[in-house]
Amino acid sequence: MQASHKSPSIKVRAEDASFAEKSESGKLYLGVDGGQTTTKAVIGDSSGRILGTGFGGQSNHVKGPEGRTRLIEAITSSVSEACRNAGVAPEAAEFDAACLGFTGGIDGKQEILSTLLKCRKLIVTDDLTIALSAAHADQPGIITIAGTGSVSMGRNASGRVARAGGWGYAFGDEGGAWGIVREAMRAALRMDEEWGPPTLLRALLLQSTGETDLHALRRKFYTEDYPRPRVAGFARLVGEAAQRGDSVAHGILESAADHLVSLTQVVRKRLFTGADSVNVSAIGGVFQNGIVRARFTSELKSDLAVKVVPPLHEPPVGALLLAIHSQLSKEEYGA
């Protein structure tokens, strides 16, 4: 059995409570999830109680002057709103530690953020790290994410981290929505060229895009008119076809689930012994499909030490927990 440290409990802020009543130490901690469309900030105290939340715009890239401006605006607006909701003047806010996780990498962000935030310790990391912390309240465990792409990541009780997948659309993403659509398009093209079995996917893809020629659609999928998130959105058609009894679509979804299971098992093998009990959280839109979710859960349950559980918190709370834990002493961390 893996030993684990104690994690602060996350509680919703009581509207009528003052900040002085909430934090015995008076220390503030900040967690931020910076994404492609929105940025969310949460402020908490050392016990893990959430004191205020705030929102901002896109903050995932800082390339060029526009990217830098968007990052500054998103962090400033989200943190200022969180401060106000916590009853703290934004201009006076000082954090014992702040952790910010971003999609799109962390290059160039540390220097910008260090000038925006007053904090004793600044942690700038990726979105996967804060999602893992959030899912298991910064305890040992594994997350497997199947959104546009696919990746699995875990951490054991000794703090060792491992991941599998997340290679991007050119080299991986099997099990993610992009990979599912890629397989659907392949199946439809094989049918179109009369060297694959019949499938509803061909008609559904043409109807959904307004095209009449599948090869014309294939070429368009390579253009700017069809960015990867838009293409990935057609994964729903595979679910629709499977519900209507299409065996090809059903097989694509089962194969996606099998790939996600494989990613999870790789991380489990690298981090945990066979006797260790391991919590696994499945995250992302692909898991909303019943076929994928059921097969993923069933396959993992064949390992009696693995338990599939819903994520405990959202990513910004995971960032908050990482900030808090970065400043706790070993005695406070517990054993």
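No lab work stands behind these numbers, since they all come straight from the coordinates. Note that this is a predicted model, so its numbers are computed, not measured. For neighbour counting, all protein chains shown are included, and Cβ atoms are generated from backbone atoms with ideal geometry for every residue, glycine included.
Quick check on region 138-311: take the gyration tensor over C-alpha atoms, sort the square-rooted eigenvalues as a ≥ b ≥ c, and tell me if it's rounded (a/c under 1.5), prolate or oblate.
Working: a/c = 2.83, a/b = 2.04, b/c = 1.39.
Prolate, because a/c is 1.5 or more and a/b exceeds b/c.
Could you compute the FRET efficiency for THR273 and SER247, with r as their C-beta to C-beta distance and R0 at 45 Å, rounded to 0.05? For THR273 and SER247, the calculated efficiency is 0.70.
Pairs from the table (LYS109/LYS269; LYS269/LYS301; LYS27/LYS121; LYS40/LYS301; LYS40/LYS307) lying more than 24 angstrom apart at Cα are LYS109/LYS269; LYS40/LYS301; LYS40/LYS307. Dipole of region 138-311 computed with +1 at Lys/Arg Cβ and -1 at Asp/Glu Cβ about the Cα centre; of ALA232, ILE252, GLY172, farthest Cα towards the positive end is GLY172.
Within the chain, the longest run free of GluC sites (Glu not before Pro) that sit in a DSSP loop with at most 16 other Cβ atoms within 10 Å is 225-335.
From the helices alone, meaning DSSP H stretches of at least four residues, give me the mean residue ellipticity at 222 nm for the chain, per-run term -39500 (n - 2.57), in deg cm²/dmol to the nearest 500.
Numbers: 13 runs with 143 residues, N = 335.
-13000 deg cm²/dmol, from helical runs alone.
A DSSP coil position with no more than 15 other Cβ atoms inside 10 Å describes the following trypsin sites (Lys or Arg not before Pro) in region 166-260: ARG244.
Compute the longest continuous run of the chain that contains no exposed chymotrypsin sites (Phe, Trp or Tyr not before Pro); treat a site as exposed when its DSSP state is not H, G, I, E or B and it has at most 13 other Cβ atoms within 10 Å. Answer from the scan: 1-166.
Can you tell me the FRET efficiency between ALA157 and ALA203 if r is taken as the Cβ-Cβ distance and R0 is 56 Å, rounded to the nearest 0.05?
Approximately 0.65, to the nearest 0.05.
For region 89-96, the Karplus equation 6.51 cos²θ - 1.76 cosθ + 1.60, evaluated at θ = phi - 60°, returns couplings of 5, x, 5, 9, 5, 10, 10, 5 Hz by residue, with Gly and Pro reported as x.
Output the antiparallel fraction of DSSP beta bridges having both residues in region 138-311, as a percent to the nearest 5. Given both bridge residues lie in region 138-311, the antiparallel proportion sits at roughly 60 percent.
When Cα Rg over 2.2 N^0.38 Å is computed from the coordinates, the matching label among (1) 1.25; (2) 1.60; (3) 1.10 is (3). Using the Cβ-Cβ distance between SER298 and ALA92 with R0 = 45 Å, the FRET efficiency computed as 1/(1 + (r/R0)^6) comes to roughly 0.25.
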